[in-house]
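Note sheet for the following structure.
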């Protein structure tokens, strides 16, 4: 029953359109049974207690001309990134490049498609790595995201381009096209990550 409530809570968050560029508010409630409910609308049902709320904006990746994507950033999550990447035998510079492009190091990042947190994990992907709530927690989000990348790297023989393609467009798309899919967004995403990866390798 508890897992069902948590699932409902997660999908409540994504049952609304994120096409509006205005600030969005996230509300965290305690349900009558003690479970946590995360939603982007107020709950007026009896027994639900508002624990906290915060404002955020859907994350929009800059265009190719944006210089931000092509310079390194000193992030307050650097230690977390390095430690988690090494835990799964991955290059910290690669993981940091992914996070840079995915969320710009904004732990509250929300995409229009419903991806969350530093590593922009979709609910189904996050859930498969035991992340079913508290998606904006940096530790839990990065842990799940790095595990996902580790699995993709193992699946594609440590091929970073294919792993990135699957991370962005899904493994189904990679299988369908027998390689990087011909999606402009995915190809641009790979270029950005790989370019930043090379820059971060000089620093980490």
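Overview of results
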quantity: So residue 52, is it modelled with pLDDT under 90, assigned by TED's automatic domain parsing to the domain that holds residue 144 and closer than 16 Å to residue 137 by Cβ; calculated: no
quantity: Hits in region 119-164 - residues which are in contact (Cβ under 8 Å) with a residue 24 or more places away in the chain and farther than 25 Å from residue 35 by Cα; calculated: 146, 147, 148, 149, 150, 153, 160, 161, 164
quantity: Any helices (runs of 4 or more DSSP H) falling wholly within region 110-186 and containing at least 3 residues that are in the same structural domain as residue 96 (by TED's automatic domain parsing) and at pLDDT 95 or above; calculated: 138-155, 160-169, 171-177
quantity: Among the residues listed as 142, 174, the single one being closer than 23 Å to residue 82 by Cβ and buried (at least 20 other Cβ atoms within 10 Å of the Cβ); calculated: 142
quantity: Qualifying residue in region 114-129 (condition: over 18 Å from residue 194 (Cα atoms) and over 13 Å from the mean Cα position of the chain (by Cα)); calculated: yes
quantity: Every residue from region 145-170 that is over 21 Å from residue 86 (Cβ atoms), in contact with a helix residue (DSSP H, G or I) (Cβ under 7 Å, 6 or more places away or on another chain) and surrounded by fewer than 19 Cβ atoms within 10 Å (Cβ to Cβ); calculated: 161
quantity: Qualifying positions in region 77-88 - without any contact (Cβ under 8 Å) to a residue 12 or more places away in the chain and touching a helix residue (DSSP H, G or I) at 6+ places or on another chain (Cβ under 9 Å); calculated: 83, 86
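For (1) in the same structural domain as residue 160 (by TED's automatic domain parsing); (2) out of contact with any strand residue (DSSP E or B) (no Cβ under 7 Å at 6 or more places or on another chain); (3) surrounded by 15 or more Cβ atoms within 10 Å (Cβ to Cβ); (4) at pLDDT below 65, each residue gets a yes or a no:
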residue: 27; (1), (2), (3), (4): no, no, yes, no
residue: 46; (1), (2), (3), (4): no, yes, no, no
residue: 61; (1), (2), (3), (4): no, yes, yes, yes
residue: 82; (1), (2), (3), (4): yes, yes, yes, no
residue: 85; (1), (2), (3), (4): yes, yes, yes, no
residue: 93; (1), (2), (3), (4): yes, yes, yes, no
residue: 99; (1), (2), (3), (4): yes, yes, yes, no
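The values are calculated or read from the model by the stated rules, or taken from the named source; none is laboratory data. Nothing here was measured: the structure is a model prediction, and the numbers come from that model. Reconstructed Cβ throughout: ideal geometry from the backbone, glycine too, with neighbour counts over all protein chains shown.
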